[in-house]
Amino acid sequence: MLTDEALDALRARVDAAKSAGDIPALVEMLLDDHWKTRQEACFACGELGADAVEPLLAVARDADLNEYARGHALLALREIGDAGAFDPILAALDDEVWQVRGYAARALGVFADRRATQPLIDTYHRDDTEHCSVRNWVVSSLHEIGDPAALEFLREVAENDVDGGVKATARRAVEDIEAA
């Protein structure tokens with residue numbers, strides 16, 4: 001656990017890198033062992049926009065890095081929302097590591113691109129017996145995308161998923177998509 005002083009120092013380091021537009025320094029922070037450092041760097045990269053896309057994609061694609069660094073890179077790409085990141089994020093749904101698939105699933109919703117609908121459903125089925133976070137992120141992104149083609153699937157999830165949170169997210173998605 002970070003002390004208040006350590007957290008303040010971390011935020012100052014991140015803010016300094018962000019203010020200077022020092023994307024390499026922020027990307028390096030995504031590789032840190034502490035989750036809070038990765039989280040703060042993720043948000044900062046997201047605020048820097050398009051200039052951060054290629055370095056973040058490099059981190060997200062590097063299978064030699066840990067899943068959390070790669071995942072936070074995917075979340076930063078979500079924050080940026082650059083259309084050029086859509087296909088690489090979509091490809092990350094096929095990653096061997098479930099956490100990376102989950103972060104990719106979560107990142108896709110912001111694009112509201114219906115091309116992600118079926119790959120997200122496939123990811124849900126790949127992770128259907130474990131990893132409720134992956135299933136919930138899939139359902140959340142399908143909700144954001146709002147594709148009526150996902151309604152039958154979402155109704156099934158709302159009825160049959162083993163996790164109450166996933167069911168509730170699916171019910172909200174069905175209600176909102178039907179109302180649109």
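Points worth noting:
- A search for C-beta distances below 8 Å between a residue of segment 151-163 that is more than 15 Å from R114 (Cα to Cα) and any residue that is among the β-branched types (V, I, T) and at pLDDT 95 or above, counting only pairs 6+ apart in sequence or on different chains, returns R155/V174; V157/V139; V157/V166; A158/V174.
- Under the condition of being surrounded by 18 or more Cβ atoms within 10 Å (Cβ to Cβ), of a type outside the set (V, I, T) and closer than 15 Å to F153 by Cβ, the residues counted in segment 110-142 number 10.
- Taken across segment 81-94, residues that are crowded, with 19+ Cβ neighbours inside 10 Å, under 17 Å from A58 (Cα atoms) and touching a Gly at 6+ places or on another chain (Cβ under 7 Å) do not occur at all.
- The set of residues from segment 89-111 being of a type outside the set (D, E, K, R) and within 13 Å of C132 (Cα to Cα) comprises W98, Q99, G102, Y103, A105.
- Just one of (1) of a type outside the set (A, V, I, L, M, F, W, C); (2) part of a helix (DSSP H, G or I); (3) closer than 26 Å to V139 by Cα fails for D51. It is (3).
- Put simply, of A105, A44 the only residue that is assigned by TED's automatic domain parsing to the domain that holds L142, at pLDDT 90 or above and either assigned to a helix (DSSP H, G or I) or more than 30 Å from T117 (Cβ to Cβ) (or both) is A105.
- Hits in segment 138-180 (condition: at pLDDT 95 or above and either β-branched (V, I, T) or outside the structural domain of W98 (by TED's automatic domain parsing) (or both)): V138, V139, I145, V157, V166, T169, V174, I177
The values are calculated or read from the model by the stated rules, or taken from the named source; none is laboratory data. As the structure is a computational prediction, the values presented were derived from the model and not from experiment. Every residue, glycine as well, gets a Cβ built from its backbone with ideal geometry; the counts of neighbours run over all protein chains shown.
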